[in-house]
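Visitor: The structure under discussion is supplied below as C-alpha cells; questions concerning it will follow.
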Amino acid sequence: SWAQELLESQGKSLKLLATPWSPPAWMKTNGQMDHSSKPCLRKEVHRTWAKYMSRWITAVQRKRVPIWAITVQNEPGNNATWEGCLMTPQEEAEFLGTHLGPVLQEEHPNVLVFAYDHNKDHVYWWANVTYSHPLASKYVDGIAFHWYSGDSFDDIKRIHKEIPQALLLASEATYERWRWHKGSSVATGDWSFGEGYAHDIIGDLNAGSIGWIDWNLLLDETGGPNHVNNVCDAAMIADMQKGELYFHPQYYFIGHFSKFIPPGSVHLQTNVFPAYSYRGQQRNYGICTWEDGLQVTSFLRPDGFIATVVLNCGDVPIKFKLRAGHRAAEASIPAHAIQTYLFEETGASPLRPHSVGSPSLATGFVGVNLGGWLLLEDWMWEKEMRGQQIPDEHTLVKRYGGPHDPRAVAMIQAHRETFVTETDIDRLRDFGVSHVRVPVGYWLVDYDPADGFIDGTERYLYRLLRWLQVRGMRCVIDLHALPGAQVTGQSFTGKKSNKAYFFLDEAQHKRGRRAMVRIAKLILGYEKDPSTAGVVMGFELVNEPGWDYWRKENGVKQLYDEMVPVLRRYLPANRFVLLLNFMESPRYEGSEYLASRRTKDPTNWNNVIYDAHTYHAFGDDDKHPGPKYEAKRGGIDACKTCCRDNLVLDPMVQLQVPIVIGEYSLNTGFAGNPDFYDDFLRSQLSLWATTQGVIGSFFWNFRILRNPGGWFKEMSLLELVQPEGPIAPVSRMDLSRRCPDEDLSLCPVYDPREVRWTTECQWRTTTSTTTTGTSTTISTSTETETTTTETITTISLTSTSSARPTSTASETTTTETGPKAGRGEHRHRDGLKHMPGFGDMVPLANPETTTTETRPKAGKARGEHGQRDGLKHMPGFG
C-alpha cells in the first residue's frame, strides 16, 4: 500500500501481474509443492484451484494491492526443482475455459488473464491452441512469455499478425550469476547484461509486446535468496553485510524505456536503412553483438512527443540520420551504448495539441482556471473567508495563528489536498477541457514566513502536472500575486493593499522580478522530469496589473519590456508561450504595443500572447435586469457576446496579435437558469472558436466553495456541467460559427474604435448590413538547411499504421534512470539540455546516453546513484 500511495501522489497507479507457481501440495498428484507429476492437478480439484486463485485476488485487493492481471500457470512446461505445475497447452486451455475463466468472469471481471507464461520457442504453438479452444478463447486476454530460449522475435510477430486481439507481454527475463564475464563483481555487475536487456526489450516491443517485466527488482549479494540455489543477477543488488546498494548496468538500460516511454504511449513503425540484424543459428538468450546492427524502437507518448531509443552493441561508433517525415537530424552513438531521443511529433510549437485527440488549434483549446486553490480569494470560499469577514489569504493564516501555527498549516494543507482532485481533472477532461491555468503566488518560489503565508504549494503543483501528463492535458502557470500587490484592493494578490506597492517599492519590484525568473527555472525543471515533461505550455508574468501603472517608472510596460527577453533565456519561444495581461478598454494601446514588439524582436516576442479577460459582470453590469437579460433570443448578454465582444477583440485581430481569453464566466450580475447557462457558454465558446488569432480560453473557475443557494454558481464549472448541471460536453456543441442560434443581421452597428466593455447592446428589430474588418491567422515558419553528408545509417519513422498502446504493466517492473527526487530535487535534473534543431525538428533534450565509458559507480544504500554517474550526455540534433 505504501508503493500505491507514493505512485498515487505522483499521478500514477500500480498495476501488478500475479502468477501461480504451484497449487497447494494437497491439490497435486505428487503431494508436494516442488516438482510436478503428469498430470499436475488431481481430477477433483480443478474448480477448487480456480476458486482458490480468485479468493487470493480478493484477499490481496482488500489490502489495497491492485491485481491488474494473472497468468494461468508459471512455466507450465518446466518440471524444475522448484515449485511448479506441468500442463500441456490443451490442459491449460481446458482449465481456463471450464474453470478459471468462468470463476474470474463472475468474481473479478476486470482482472486480465494471460496464458502460457513460458519460453518464446513454443509461444506460437501455445497461442494457437489457446485461441482455437472454444471455451478458453472466451476468457483469455493475451499471451505471456519468457526469454530463456533466445530471441524468437519472429514468433511474437506472427502471433501479433495472426491473432491481433491477443495482448502480448514479455513477463520474465534475467541472467544467472554464472554468466558474469571476467572482471564482473557484485559492485559493478556485467555491462553486457544491460545490452542484452535492451536488445530483448527493443525486439519484443517492435514485435508487438505491450510491456516487458524484469525477473527481480532487488536481490542480495549472493544473487538470492533462493531455496534451490538458482542465484541470479538483478538491476539492483543489496549487500546485506556491508549495508550498500549497487546499481548494475541493467538499471540504467531499463531506464531508457521506463523513463521515456510512459504507459499509454503508441508504438511507431521504425525502419533502419541499410537494415542489418543477426541471421546466424539460434543462440542463447540475452546475447547482443555487432551482428545485431543498429537497433531502434520509437513511441508516440501521451504528451505528444516521440521517444526513439537507439542501441549499439558493436565495438565501433555508428553515425546515423534520424528521419521523421520531412524532418531529419544527424547523430551518432558510441560503441556499446544506448541513447534516447525525445522530440515533438509535429515540430516545435508550444501551441500544438498536447496529445492525439486534443482540440485543434483551428478552433482553439477549451480550458479552465484552477483558482482559489494554491492562492485563496475571499469570495471563492464563503464559509472560511467572506462569511467570516476575512478579506485575503494573509488574514486567514493570521486568524489561525500565523504561518508557524499547526492549526493554520493543517487548515491550508487540507484545502490544498482536497480542493483539486484527480476525479475533478477527469470530469473536466470528459467535459472537453484540455488546458488549465493555475494561479499561484510569488511564495511558490520565494517563501519567507514573514510574509504570513504557508509554504508547500509546489508539491501540489507538481502532483497536478503528473495528473495532467497522463491525461494528455496542458497547463499555464499564472503568477497571480506579486510582492506588495500589483493592483489595489484585490483579494487575489494574497494580501489586499490600498496601493500597488509592487510598482512603487523598489525592493518589492526586484523581488517580484526574481520570482518570475525562479518560476521560469521551475518550469525548465518540469520539462526535464519525464513525468511532467511537455505539460507546461507557458507562463503568465502577472495577473491583472493596475492599468494606471502602464507608463510609469517600474510600471507594467517597463516590466514587460525588460522581463520578456530575460524569461526567453529560459523559456524559448519555440517551446513556451508567455502571456501578458492588459487591463485596458478599449484594447488598442496594448495591442499596438505587442504587435510592435513582435515585429522588432521576433526572437523574444514570438509566441507572446495577449491575455484578455472578458466578464459581463464586471465593468458592464446590466442596469435593469429582468426577463430580457438572457443569453439568446433577444437577450442582452447574447447581444453583447454575439455582436459587441467580437469588436472589442478586433484591435488584436487587425494587428494579428495572438489572443488567449484568460478569464471569462457565466456571471452577468443576476441569477441565471439552466437554459441561460447552456446557451451563454455555447455562445461564448463559439465566439472564441471563430475569432481569428484566439488560441484558446480559460473559464473562471472550475469550482467555487459557495454557500448552498448562494451566488457564484455561474462561475463554478463543475456545478454547471453534466451530470450535476445542464451543460452538455463541448463535443456536442456547434462551434463552427459564431452564435449559430442567433440572427446576426439584427446586431446593432458600432464604431469599432468606440466599443468598450461598458458599451451596452440592444438587438435591432430590422435587418442591417454591417461590415467587419478582415483578420488573418497566426502562422509560424521554420528555417531549413541543405547539408551534404557521408553515407550513413538512416532511422526512418514511417507511419503509425501499426500503432498500438503500451500497457501500464511496464510500469510495474522498471525503474527510472537518474536521481530520486527529494524535496524539490525533481526540478534540478541536470543533463537534459535544450538544443536548436535540424530543420524544424527541435528535440526536447540531448539524447540520454549510457556507455561503457561512463559505467555507473557503486552507490551506498542511502542513494549515491542520485549523482547520475552512469549517464553521459552526448551532442544531439543540430
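Visitor: What's the total number of residues in region 403-434 that are open to solvent by less than 10 Å² (accessible area, probe 1.4 Å), without any contact (Cβ under 8 Å) to a residue 60 or more places away in the chain and either farther than 30 Å from Ala612 by Cβ or of a type in the set (A, V, I, L, M, F, W, C) (or both)?
Guide: So the count comes out to 3.
Visitor: Scan region 153-194 for residues that are under 30 Å from Trp125 (Cα atoms) and in a loop (DSSP other than H, G, I, E, B) and jot them down.
Guide: Of everything in region 153-194, those that are under 30 Å from Trp125 (Cα atoms) and in a loop (DSSP other than H, G, I, E, B) turn out to be Ile163, Pro164, Gln165, Ala166, Ala173, Thr174, Tyr175.
Visitor: Considering only residues that are touching a Ser or Thr at 6+ places or on another chain (Cβ under 8 Å) and open to solvent by less than 10 Å² (accessible area, probe 1.4 Å), which ones fall in region 147-189? So that I can check it myself, show each step before the final result.
Guide: From region 147-189, those touching a Ser or Thr at 6+ places or on another chain (Cβ under 8 Å) are 156, 167-171, 181; that's our starting set.
Within region 147-189, Ile156, Leu168, Leu169, Ala170 meet the criteria.
Visitor: Tell me, yes or no, whether region 528-535 has at least one residue that is in a loop (DSSP other than H, G, I, E, B), at pLDDT below 95, of a type in the set (D, E, K, R) and open to solvent by 10 Å² or more (accessible area, probe 1.4 Å).
Guide: Applying the first criterion (in a loop (DSSP other than H, G, I, E, B)) to region 528-535 yields 529-535.
Right, trim to at pLDDT below 95 and you get 529-535.
Checking which are of a type in the set (D, E, K, R) leaves us with 529.
Now restrict to residues that are open to solvent by 10 Å² or more (accessible area, probe 1.4 Å): none.
No, there is no match, as no residue in region 528-535 is in a loop (DSSP other than H, G, I, E, B), at pLDDT below 95, of a type in the set (D, E, K, R) and open to solvent by 10 Å² or more (accessible area, probe 1.4 Å).
Visitor: Could you please let me know if Thr81 is over 39 Å from the mean Cα position of the chain (by Cα), free of Cβ contacts under 8 Å to residues at least 40 places away in the same chain, surrounded by fewer than 19 Cβ atoms within 10 Å (Cβ to Cβ) and closer than 17 Å to Ser36 by Cβ? Walk me through it before giving the result.
Guide: Working: over 39 Å from the mean Cα position of the chain (by Cα): yes; free of Cβ contacts under 8 Å to residues at least 40 places away in the same chain: no; surrounded by fewer than 19 Cβ atoms within 10 Å (Cβ to Cβ): yes; closer than 17 Å to Ser36 by Cβ: yes.
So Thr81 fails the test.
Quick grid of which residues meet (1) surrounded by 24 or more Cβ atoms within 10 Å (Cβ to Cβ); (2) touching a Lys or Arg at 6+ places or on another chain (Cβ under 8 Å); (3) free of Cβ contacts under 8 Å to residues at least 12 places away in the same chain:
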| position | (1), (2), (3) |
| --- | --- |
| Glu106 | no, no, yes |
| Asn110 | no, no, yes |
| Tyr116 | yes, no, no |
| Trp125 | no, no, no |
| Tyr131 | no, no, no |
| Leu135 | no, no, no |
| Phe145 | yes, yes, no |
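Visitor: Against the definition (polar (S, T, N, Q), open to solvent by 30 Å² or more (accessible area, probe 1.4 Å), assigned to a helix (DSSP H, G or I) and over 24 Å from Phe305 (Cα atoms)), how does Thr395 come out, yes or no? Steps first, please.
Guide: Numbers: polar (S, T, N, Q): yes; open to solvent by 30 Å² or more (accessible area, probe 1.4 Å): yes; assigned to a helix (DSSP H, G or I): yes; over 24 Å from Phe305 (Cα atoms): yes.
Yes; evaluated as a whole, the condition is true for this residue.
Visitor: Another question about this same structure. Identify, by number, the condition in (1) outside any loop (DSSP other than H, G, I, E, B); (2) at pLDDT 90 or above; (3) closer than 25 Å to Glu760 by Cα that Met583 doesn't meet.
Guide: Exception for Met583: condition (1).
Visitor: So, one more: So is Ile287 β-branched (Val, Ile, Thr), touching a Lys or Arg at 6+ places or on another chain (Cβ under 8 Å) and open to solvent by 10 Å² or more (accessible area, probe 1.4 Å) or not?
Guide: Details: β-branched (Val, Ile, Thr): yes; touching a Lys or Arg at 6+ places or on another chain (Cβ under 8 Å): no; open to solvent by 10 Å² or more (accessible area, probe 1.4 Å): yes.
When the stated conditions are applied, Ile287 does not pass them.
Visitor: Mind checking which pairs have a first residue in region 311-329 that is among the β-branched types (Val, Ile, Thr) and in a strand (DSSP E or B) and a second that is surrounded by 13 or more Cβ atoms within 10 Å (Cβ to Cβ) and modelled with pLDDT of 90 or more, Cβ under 7 Å, 6 or more apart or different chains?
Guide: Ile318/Leu294; Ile318/Asn312; Ile318/Ser332; Ile318/Ile333
Visitor: Further, regarding this structure: Of the residues Ala515, Ala507, Ala520, which single one is open to solvent by 20 Å² or more (accessible area, probe 1.4 Å), small (Gly, Ala, Ser) and in a helix (DSSP H, G or I)?
Guide: Testing whether each residue is open to solvent by 20 Å² or more (accessible area, probe 1.4 Å), small (Gly, Ala, Ser) and in a helix (DSSP H, G or I) leaves just Ala507.
Visitor: Within region 363-392, how many residues turn out to be out of contact with any Lys or Arg (no Cβ under 7 Å at 6 or more places or on another chain), among the acidic types (Asp, Glu) and open to solvent by less than 30 Å² (accessible area, probe 1.4 Å)?
Guide: Number of matching residues: 1.
This table checks each residue for (1) under 23 Å from Trp215 (Cα atoms); (2) open to solvent by less than 60 Å² (accessible area, probe 1.4 Å).
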| position | (1), (2) |
| --- | --- |
| Pro20 | yes, yes |
| Met27 | no, yes |
| Arg55 | no, no |
| Val72 | yes, yes |
| Glu75 | yes, yes |
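Here is a yes/no grid of residues against (1) surrounded by 15 or more Cβ atoms within 10 Å (Cβ to Cβ); (2) part of a strand (DSSP E or B); (3) basic (Lys, Arg):
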{"residue": "Trp215", "(1), (2), (3)": "yes, no, no"}
{"residue": "Pro225", "(1), (2), (3)": "no, no, no"}
{"residue": "Asn229", "(1), (2), (3)": "no, no, no"}
{"residue": "Ala234", "(1), (2), (3)": "yes, no, no"}
{"residue": "Lys242", "(1), (2), (3)": "no, no, yes"}
{"residue": "Leu245", "(1), (2), (3)": "yes, yes, no"}
{"residue": "Tyr252", "(1), (2), (3)": "yes, no, no"}
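Visitor: Related question: Any residue in region 703-722 that is under 19 Å from Arg429 (Cα atoms) sitting within a Cβ distance under 7 Å of a residue that is assigned to a loop (DSSP other than H, G, I, E, B) and open to solvent by 30 Å² or more (accessible area, probe 1.4 Å)? List the pairs, counting only those 6 or more apart or interchain.
Guide: Ile704/Phe712; Ser716/Arg703; Ser716/Arg706; Leu718/Arg703; Leu718/Glu724
Visitor: Could you tell me whether Pro565 is assigned to a loop (DSSP other than H, G, I, E, B), surrounded by fewer than 21 Cβ atoms within 10 Å (Cβ to Cβ) and either touching a residue at least 24 places away in the same chain (Cβ under 8 Å) or of a type in the set (Val, Ile, Thr) (or both)? Full working, then the answer.
Guide: Working: assigned to a loop (DSSP other than H, G, I, E, B): no; surrounded by fewer than 21 Cβ atoms within 10 Å (Cβ to Cβ): yes; either touching a residue at least 24 places away in the same chain (Cβ under 8 Å) or of a type in the set (Val, Ile, Thr) (or both): yes.
No: the conditions fail for Pro565.
Visitor: Can I ask one more? State which residue is modelled with the lowest pLDDT when the search covers only region 743-775 and only residues that are hydrophobic (A, V, I, L, M, F, W, C) and under 46 Å from the mean Cα position of the chain (by Cα). It would help to see each step written out before you state the result.
Guide: Step one: of region 743-775, the residues hydrophobic (A, V, I, L, M, F, W, C) are 744, 746-747, 749, 755, 757, 761, 763.
If we keep only those that are under 46 Å from the mean Cα position of the chain (by Cα) too, we end up with 744, 746-747, 755, 757, 761, 763.
Numbers: Leu744: 90, Leu746: 90, Cys747: 90, Val755: 81, Trp757: 75, Cys761: 85, Trp763: 85.
The selected residue is Trp757.
Visitor: Give the residues of region 589-620 that are touching a helix residue (DSSP H, G or I) at 6+ places or on another chain (Cβ under 7 Å), in a loop (DSSP other than H, G, I, E, B) and open to solvent by 40 Å² or more (accessible area, probe 1.4 Å), sorted by residue number.
Guide: Asn606, the sole residue that qualifies.
Visitor: Give the residue that is farthest from Ile254 (Cα to Cα), with candidates limited to residues of region 338-392 that are modelled with pLDDT of 80 or more, of a type in the set (A, V, I, L, M) and assigned to a loop (DSSP other than H, G, I, E, B). Steps first, answer last, please.
Guide: Narrowing region 338-392 to residues modelled with pLDDT of 80 or more: 338-342, 364-392.
Okay, now just the ones that are also of a type in the set (A, V, I, L, M), so 338, 342, 366, 368, 370, 374-376, 380, 385, 390.
Add one more test, that the residue is assigned to a loop (DSSP other than H, G, I, E, B), and what stays is 370, 374-376, 385, 390.
Details: Leu370: 36, Leu374: 36, Leu375: 40, Leu376: 43, Met385: 50, Ile390: 53 Å.
So, considering only residues that are modelled with pLDDT of 80 or more, of a type in the set (A, V, I, L, M) and assigned to a loop (DSSP other than H, G, I, E, B), the one farthest from Ile254 (Cα to Cα) is Ile390.
Visitor: Which of (1) basic (Lys, Arg); (2) assigned to a helix (DSSP H, G or I); (3) open to solvent by less than 20 Å² (accessible area, probe 1.4 Å) does Arg437 not meet, given it meets every other one?
Guide: (2)
Visitor: Which residues, taken from region 457-495, are modelled with pLDDT of 95 or more, open to solvent by 10 Å² or more (accessible area, probe 1.4 Å) and not in a helix (DSSP H, G or I)?
Guide: Gly484, Val487, Thr488, Gly489, Gln490, Lys495
Visitor: Please go through region 322-342 and pick out each residue that is closer than 30 Å to Val535 by Cβ and either surrounded by fewer than 22 Cβ atoms within 10 Å (Cβ to Cβ) or among the hydroxyl-bearing types (Ser, Thr, Tyr) (or both).
Guide: Arg323, Gly325, His326, Arg327, Ala328, Glu330, Thr340, Tyr341
Visitor: Related question: Quick one: is Thr297 assigned to a strand (DSSP E or B), touching a residue at least 60 places away in the same chain (Cβ under 8 Å) and touching a Gly at 6+ places or on another chain (Cβ under 9 Å)? Walk me through how you get there before you give the answer.
Guide: On the way: assigned to a strand (DSSP E or B): yes; touching a residue at least 60 places away in the same chain (Cβ under 8 Å): yes; touching a Gly at 6+ places or on another chain (Cβ under 9 Å): yes.
For Thr297, the condition - assigned to a strand (DSSP E or B), touching a residue at least 60 places away in the same chain (Cβ under 8 Å) and touching a Gly at 6+ places or on another chain (Cβ under 9 Å) - is met.
Visitor: Within the set of pairs 6 or more residues apart or between chains, which connect a residue that is part of a strand (DSSP E or B) inside region 267-292 to a residue that is open to solvent by 50 Å² or more (accessible area, probe 1.4 Å) with Cβ atoms less than 6 Å apart?
Guide: Leu268/Thr800; Gln269/Thr798; Asn271/Thr798
Visitor: Just to be sure before I move on: is Tyr501 over 32 Å from the mean Cα position of the chain (by Cα) and over 27 Å from Tyr400 (Cα atoms) in the structure I sent?
Guide: On the way: over 32 Å from the mean Cα position of the chain (by Cα): yes; over 27 Å from Tyr400 (Cα atoms): no.
No, not satisfied.
The values are calculated or read from the model by the stated rules, or taken from the named source; none is laboratory data. The structure displayed is predicted, hence computed values, not measured ones. All Cβ positions, glycine included, derive from the backbone under ideal geometry; neighbour counts span all protein chains shown. Note: areas computed on protein heavy atoms with side chains; ligands, DNA, RNA excluded. Shrake-Rupley method; radii C 1.70, N 1.55, O 1.52, S 1.80 Å.
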